Amino acid sequence: MRYSGIRVIKEALSGHKGWGPLWRDPEPKPHYDFVIIGGGGHGLATAYYLAREFGESRIAVLERGWIGGGNVGRNTTIIRSNYLLDGNEPFYEFSLKLWERLEQDFNYNAMVSQRGILNLVHTDAQRDAARRRGNAMILNGSDAELLDTEGVRKLYPFLNFDNARFPIKGGLLHRRGGTVRHDAVAWGYARGADQRGVDIIQNCEATGFKVEDGKCLGVETTRGFIGAGKVGVSVAGSSSRVMALAGMRLPMESHVLQAFVSEGLKPVLPGVITYGAGHFYCSQSDKGGLVFGGDIDGYNSYAQRGNLPVIEDVAEGGVSLIPALGRVRLLRAWGGIMDMSMDGSPIIDNTHIEGLSFNGGWCYGGFKATPAAGWCFAHLLKTGQPHETATAYRFDRFRRGYMIDEKGQGAQPNLH
């Protein structure tokens with residue numbers, strides 16, 4: 001079934017009786033050429049690009065819960081490529097280019113909205129850092145504009161410009177950044193993968209790996225053993241637990257990152273705004289709610305819930321930037337599990353076990369990376385070699401001393 005405006009009108013006039021399920025619910029086969037553990041955005045995108053770009057068809061995606069129930073539906077929906085370092089900016093620019101044509105690519109409305117992202121500047125040092133970042137973005141084919149105070153005021157006149165401690169001196173504007181409907185990304189990739197023959201197997205938890213003579217032969221699951229030519233693990237905050245089943249200890253920890261939504265409001269935020277004086281970022285959804293977030297909870301956890309001190313801290317940051325938020329009611333909050341690497345950057349690499357590859361450690365960058373992470377992981381699984389934009393995301397960078405400290409602020413993940 002191909003979606004179109006004509007099809008929507010036809011179904012509206014016929015009682016919407018012609019819509020069918022977006023993907024099948026197949027029984028697992030005994031063996032696949034590729035098995036992807038993790039049915040989130042990255043896992044589904046990997047299967048989709050393996051099928052579409054590399055012509056593979058014997059592919060299975062194993063999801064322990066349901067499609068859209070993990071981090072892909074538990075984030076603040078922001079996409080961007082406003083990075084500084086060479087190890088990151090080309091990759092995220094590649095991802096943003098994929099976002100820009102994603103809906104036409106898999107014929108599904110993911111509500112991609114390039115409404116722009118503004119990173120505020122409060123000190124002369126921050127302005128210098130924003131200028132360096134903007135230049136790096138432009139050199140890698142992205143876009144960047146350095147605004148002064150009046151330029152920011154034209155976009156967001158209601159900000160607290162004269163805060164005695166953190167006056168707003170300008171900002172770095174990334175017009176091609178924006179937001180996407182998070183769970184629609186999972187549904188679109190799942191539908192596209194299914195149409196290309198991928199088996200999406202829900203309620204199927206990986207419980208172990210069958211490894212003989214240093215080679216991975218398949219996955220033990222709650223629905224029986226599934227053989228595989230190659231296995232890719234892409235399970236976000238559960239990375240350490242799943243890879244431990246193969247006897248591996250990863251250089252990362254799992255933390256909760258909370259997200260929040262306010263009551264519905266009339267349009268007030270035309271784009272995404274980030275506070276340079278505190279970790280607060282905010283946009284407005286199509287339903288009118290303000291979607292915002294901040295720091296991770298500073299302790300290890302696998303629970304998809306957060307704590308009240310972080311809620312208070314994020315709310316304080318928001319009110320200090322936008323005083324009018326003090327009259328807005330918080331509607332709900334949720335938590336996603338982040339697998340935080342030691343330098344704040346991801347890993348897309350083969351493991352020491354033949355036939356077993358890994359994609360994880362995304363910290364704050366997982367959702368915005370979804371298309372490129374899927375493409376690059378598919379490239380790795382098919383060819384055995386890293387994609388040209390992901391050559392820095394290797395396991396051995398910690399041993400070699402080539403960390404990518406884009407956000408890293410210390411030797412432990414809870415400082416990111």
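The values are calculated or read from the model by the stated rules, or taken from the named source; none is laboratory data. From a predicted model like this one, the values you see are computed outputs, not experimental measurements. Note that we place each Cβ from the backbone using ideal geometry, even for glycine, and neighbour counts take in every protein chain shown. Accessible surface is based on the protein model in full, side chains and every heavy atom, while ligands, DNA and RNA are left aside. Shrake-Rupley method; radii C 1.70, N 1.55, O 1.52, S 1.80 Å.
Quick test for you: out of GLY227, GLY214, pick the one residue that is open to solvent by 30 Å² or more (accessible area, probe 1.4 Å), modelled with pLDDT of 95 or more and assigned by TED's automatic domain parsing to the domain that holds THR46. Before the answer, list the steps.
Working: GLY227 fails: open to solvent by 30 Å² or more (accessible area, probe 1.4 Å).
The conditions single out GLY214.
Return a yes/no flag: does the stretch 318-333 have any residue that is polar (S, T, N, Q) and assigned by TED's automatic domain parsing to the domain that holds GLY264.
Yes, that holds for at least one residue.
Would you tally the residues in the stretch 68-80 being modelled with pLDDT of 95 or more and closer than 18 Å to ARG191 by Cβ?
0
Report whether or not ILE200 is within 19 Å of TRP23 (Cβ to Cβ) and in contact with a helix residue (DSSP H, G or I) (Cβ under 9 Å, 6 or more places away or on another chain).
Yes; evaluated as a whole, the condition is true for this residue.
For GLY326, indicate whether it is small (Gly, Ala, Ser) and over 23 Å from the mean Cα position of the chain (by Cα). Steps first, answer last, please.
Working: small (Gly, Ala, Ser): yes; over 23 Å from the mean Cα position of the chain (by Cα): yes.
Yes.
Cβ contacts < 7 Å: first residue closer than 20 Å to GLY70 by Cα, restricted to the stretch 202-226; second residue surrounded by 15 or more Cβ atoms within 10 Å (Cβ to Cβ) and among the hydroxyl-bearing types (Ser, Thr, Tyr), any location; separation 6+ or different chain. Result?
Final answer for the pair search is CYS204/THR221; GLU205/THR221; ALA206/THR221; THR207/THR221.
Please give the number of the condition ALA259 fails out of (1) part of a strand (DSSP E or B); (2) open to solvent by 10 Å² or more (accessible area, probe 1.4 Å); (3) among the hydrophobic types (A, V, I, L, M, F, W, C); (4) not assigned by TED's automatic domain parsing to the domain that holds ALA373.
Of everything listed in (1) part of a strand (DSSP E or B); (2) open to solvent by 10 Å² or more (accessible area, probe 1.4 Å); (3) among the hydrophobic types (A, V, I, L, M, F, W, C); (4) not assigned by TED's automatic domain parsing to the domain that holds ALA373, ALA259 misses just condition (2).
Checking the structure you have, find out if any residue of the stretch 246-256 is of a type in the set (Ser, Thr, Tyr) and open to solvent by less than 20 Å² (accessible area, probe 1.4 Å). Steps first, please.
As a first pass, look at the stretch 246-256 and keep what is of a type in the set (Ser, Thr, Tyr): 254.
Still in the list and also open to solvent by less than 20 Å² (accessible area, probe 1.4 Å): 254.
Scanning the stretch 246-256, I find at least one residue that is of a type in the set (Ser, Thr, Tyr) and open to solvent by less than 20 Å² (accessible area, probe 1.4 Å), so the answer is yes.
Among the β-branched types (Val, Ile, Thr), out of contact with any Phe, Trp or Tyr (no Cβ under 7 Å at 6 or more places or on another chain) and open to solvent by less than 40 Å² (accessible area, probe 1.4 Å): is that true of VAL152 in this structure? Step through it out loud before you land on a result.
On the way: among the β-branched types (Val, Ile, Thr): yes; out of contact with any Phe, Trp or Tyr (no Cβ under 7 Å at 6 or more places or on another chain): yes; open to solvent by less than 40 Å² (accessible area, probe 1.4 Å): yes.
Judged against the criteria, VAL152 is a match.
Filter the stretch 135-157 for residues that are assigned to a helix (DSSP H, G or I), free of Cβ contacts under 8 Å to residues at least 60 places away in the same chain and either in contact with an Asp or Glu (Cβ under 7 Å, 6 or more places away or on another chain) or not small (Gly, Ala, Ser) (or both) and give the result.
The answer is ASN135, ALA136, MET137, ILE138, LEU139, THR149, GLU150, VAL152, ARG153, LYS154.
Every residue in the stretch 197-251 that is under 29 Å from ARG397 (Cβ atoms) and among the hydroxyl-bearing types (Ser, Thr, Tyr), please.
SER234, SER238, SER239, SER240
Does SER345 qualify as being at negative phi and assigned to a loop (DSSP other than H, G, I, E, B)?
yes
Could you say which residue among ALA390, ALA378 is open to solvent by less than 10 Å² (accessible area, probe 1.4 Å), part of a loop (DSSP other than H, G, I, E, B), modelled with pLDDT of 95 or more and assigned by TED's automatic domain parsing to the domain that holds VAL72?
On the way: ALA378 fails: part of a loop (DSSP other than H, G, I, E, B).
After ruling out the rest, the residue left standing is ALA390.
Here are SER341, SER345, SER301: which of them is out of contact with any Pro (no Cβ under 9 Å at 6 or more places or on another chain), within 30 Å of LYS210 (Cα to Cα) and open to solvent by less than 10 Å² (accessible area, probe 1.4 Å)?
SER345
Of all helices (runs of 4 or more DSSP H) completely enclosed by the stretch 16-134, which ones contain at least 2 residues that are over 19 Å from GLY276 (Cα atoms) and open to solvent by 30 Å² or more (accessible area, probe 1.4 Å)? Give the steps one after another, and end with the answer.
Working: elements: 41-52, 89-100, 102-106.
Output list reads 89-100, 102-106.
Could you list, in sequence order, the residues of the stretch 279-289 that are under 23 Å from PRO167 (Cβ atoms) and free of Cβ contacts under 8 Å to residues at least 60 places away in the same chain?
Matches in the stretch 279-289: HIS279, PHE280, CYS282.
So ASP295 passes all but one of these: (1) assigned to a strand (DSSP E or B); (2) open to solvent by 10 Å² or more (accessible area, probe 1.4 Å); (3) closer than 26 Å to ALA45 by Cα. Which condition number does it fail?
(3)
In the list LEU44, LEU98, which residue meets the criterion of being at pLDDT 95 or above, aliphatic (A, V, I, L, M) and within 22 Å of SER142 (Cβ to Cβ)?
Every option except LEU98 fails the conditions.
Got a sec? Which of LEU155, LEU173, LEU147 is within 18 Å of GLU89 (Cβ to Cβ) and not hydroxyl-bearing (Ser, Thr, Tyr)?
LEU173
Taking the condition of being at positive phi and assigned by TED's automatic domain parsing to the domain that holds GLY232, how many residues in the stretch 13-36 meet it?
Here is the first cut: in the stretch 13-36, the residues at positive phi are 15-16.
Filter again for assigned by TED's automatic domain parsing to the domain that holds GLY232, leaving none.
Qualifying residue count, the stretch 13-36: 0.
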